[in-house]
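**Q** Can you keep this structure in mind? I'll have questions shortly.
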Amino acid sequence: MAAKRPQPGIDEAELARLADGTLPDDRRELVERALTESPELRARLAEQGRVATAVRTAATSVAAPAGLRARVAAGLEGRRRAPARRRRYAALALATAAALVVAGLLFALPSGGPGDPTLPQAAAIAAREPTDPPPARYHDSHALLDQAAAGIPFPDWSEAFGWRAAGVRRDRLRGRELTTVYYERDGHRIAYSIVSGRPLEVPRSARRATVDGVEIASLRLGGRSVVTWRREGHTCVLSGVGVPAGRLVPLAAWRASGELPY
């Protein structure tokens, strides 16, 4: 069977640049609109994102030899330019290079503990699928779901914003508990994760603003719009594909007239 072609007008190079956050704004909006209409494009973007995230995370998390770091970076650039018939071989080569750097990271970690997770690692969890059904509303509340993490309840956005809970998953990330609730509206999905333990460091590239007393940082990671803030000292991460940060910020700042603890 012949391989399916990408969405007309959107090539693999643009998907790779969207995945690693380097696609110009004038093309990013067009590509993100196409993603909402094409499951095939979303699958291709997810594959691009996994490779790009592995390479970036590994390359910046360990003091790998300069030669190896240069070869990994060159491989990522070559992936953007590779024709379709070479895409699988480029992906395999990049995955191998990334694995070498990650192996170096594992040996370089101190024996006392695995270290703190990063915000990009926490945001990447959102690309995974939920493993449990959506939580119900908490008793008679119109603002809370019957789901909490680190003692913090998740919001019910169905009445105030039209986003309905669609599933839950739980992960461990470098020794931290990470609970994610997925919400859906009009064919879009967003993911809200709460990370246990002390707050995660926010990249310097993030844009910062205070909305209704909540300090929120927004950025793009792996083709996703991401906003992050703190609730009761814990990091919250909200992200989505095809949903701009301007639609995520009001959700992050919503306190439900004090019913939602911050």
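Taken together, the values in this text are just the output of simple stated rules run on the coordinates, not laboratory data. Everything quoted here is computed from the prediction, not taken from an experiment. Neighbour counts are summed over all protein chains in view; Cβ atoms, including those assigned to glycine, are modelled from backbone coordinates with ideal geometry.
**Q** Using packing as a proxy for protection, rank 194-207, 215-228, 171-184 so that the peptide with the highest average count of other Cβ atoms within 10 Å comes first.
**A** For the peptides 194-207, 215-228, 171-184, the packing ranking is 215-228, 171-184, 194-207.
**Q** For region 151-262, what is the convex hull volume of its Cα atoms per residue in Å³?
**A** Spread over its residues, the Cα hull of region 151-262 gives 107 Å³ apiece.
**Q** Want the number for residue 172 to residue 26: 0.36 nm per residue separation, take away the alpha-carbon distance, what's left? Please report the intermediate quantities before stating the final value.
**A** Numbers: separation 146, 0.36 × 146 = 52.56 nm, distance 3.70 nm.
Using 0.36 nm per residue and subtracting the Cα-Cα distance, I get 48.9 nm.
**Q** Moving on. Between residue 148 and residue 33, with labels modelled 7 Å along Cα→Cβ, what's the label distance in nm to one decimal, could you check?
**A** Taking the simple label geometry, residue 148 and residue 33 are separated by 4.4 nm.
**Q** May I pose another question? Order of 230-240, 246-256 by packing, highest average Cβ count within 10 Å first?
**A** Per-residue Cβ counts within 10 Å, averaged per peptide and sorted highest first, yield 230-240, 246-256.
**Q** Using 0.36 nm per residue of separation minus the Cα-Cα distance, give me the extension gain between residue 40 and residue 201 in nm, one decimal. Please list the in-between numbers first.
**A** Values: separation 161, 0.36 × 161 = 57.96 nm, distance 3.38 nm.
Stretched out fully, the residue 40 to residue 201 stretch lengthens by 54.6 nm.
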